[in-house]
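The values are calculated or read from the model by the stated rules, or taken from the named source; none is laboratory data. It should be emphasised that the depicted structure is a prediction, and the values quoted were computed from it without experimental measurement. For neighbour counting, all protein chains shown are included, and Cβ atoms are generated from backbone atoms with ideal geometry for every residue, glycine included. Side chains are part of the model used for accessible areas, which takes the heavy atoms of the whole protein and leaves out ligands, DNA and RNA. Shrake-Rupley method; radii C 1.70, N 1.55, O 1.52, S 1.80 Å.
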Amino acid sequence: MPAAPIQSGNAEALIAKLSPMLQPLAQRGVIRSYKKNSVVINEGDVGESLFILLQGRVKVYATDDNGREITYGNIDAGDYFGEMSLDGGPRSASVITLEPSVCAVVTRNSVRDHLAVQPDFAMELVTQVIRRARSATETARQMALLDVYGRVISTLESEEGPGRPEAPVLLQQITHQSIASRVGASREMVSRLLKDLEKGGYISMGVKKITLLKKLPARW
């Protein structure tokens, strides 16, 4: 649930950090603050607002009838979400805060008014929709065509690329559970695969961090 509204001066300071393209749109929104682990959007709800993330970090995910979760990705401050339901259709995913967060919530009518005076934002909006639709398609492709190990290494190497002996790659704020949610597998299975990779000298593991020491093998 939204927490108490933040002071207007603080909101203005957060909006000032946005890109010039997003600042005037955020000014049309209602500022809301959320505690950590607050569900901002529920999958299946009718969508009529766009959320500009002024502060914090959120996770985009979906669940099935058995409670299993698939994570589509995380969104950081300065970006926005909820745009794929501006047609009034149901939300295709849920969004939860990973830390205390602040959003400018902009209604569909306000977005329409903004587009009337800032038509260049229409291309930005279309590009964002295409980018996220392409990402969802890639997730579906991996779930259909790759085994669990293939999805794990794709997840590990997707952000920074593979590690090399002379240039290891450090992945931070990553846990066995977060990987499991990304690849649609159990935490136990992911832990076994990671331990095997560590024994093989491909990775080293710490608390919420994994270092890629060299390119991971295509098959295990």
Among the residues of segment 160-214, how many are more than 19 Å from Thr139 (Cα to Cα), part of a loop (DSSP other than H, G, I, E, B) and among the hydrophobic types (A, V, I, L, M, F, W, C)?
-> 2
Selection count, segment 115-141, where residues are over 20 Å from Ser94 (Cβ atoms) and surrounded by 14 or more Cβ atoms within 10 Å (Cβ to Cβ) | 4
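State all residues of segment 120-169 that are within 19 Å of the chain's Cα centre (by Cα) and of a type in the set (A, V, I, L, M, F, W, C); if no residue qualifies, say none.
Initially, segment 120-169 is screened for residues within 19 Å of the chain's Cα centre (by Cα), giving 124-143, 151-161.
Of everything in segment 120-169, those that are within 19 Å of the chain's Cα centre (by Cα) and of a type in the set (A, V, I, L, M, F, W, C) turn out to be Leu125, Val126, Val129, Ile130, Ala133, Ala136, Ala140, Met143, Val152, Ile153, Leu156.
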One residue from Val60, Val148, Val95, Val106 being in contact with a Gly (Cβ under 9 Å, 6 or more places away or on another chain), without any contact (Cβ under 8 Å) to a residue 60 or more places away in the chain and either on the phi > 0 side of the Ramachandran plot or open to solvent by less than 20 Å² (accessible area, probe 1.4 Å) (or both) | Val95
Are any of the residues in segment 207-218 open to solvent by 30 Å² or more (accessible area, probe 1.4 Å) and modelled with pLDDT under 90?
-> yes
Hey, could you check segment 63-85 for residues that are modelled with pLDDT under 90 and part of a loop (DSSP other than H, G, I, E, B) and say which is surrounded by the most Cβ atoms within 10 Å (Cβ to Cβ)?
-> Arg68
Counting just the residues of segment 151-186 that are over 19 Å from Leu98 (Cα atoms) and among the basic types (Lys, Arg), which one comes out least open to solvent (accessible area, probe 1.4 Å)?
-> Arg151
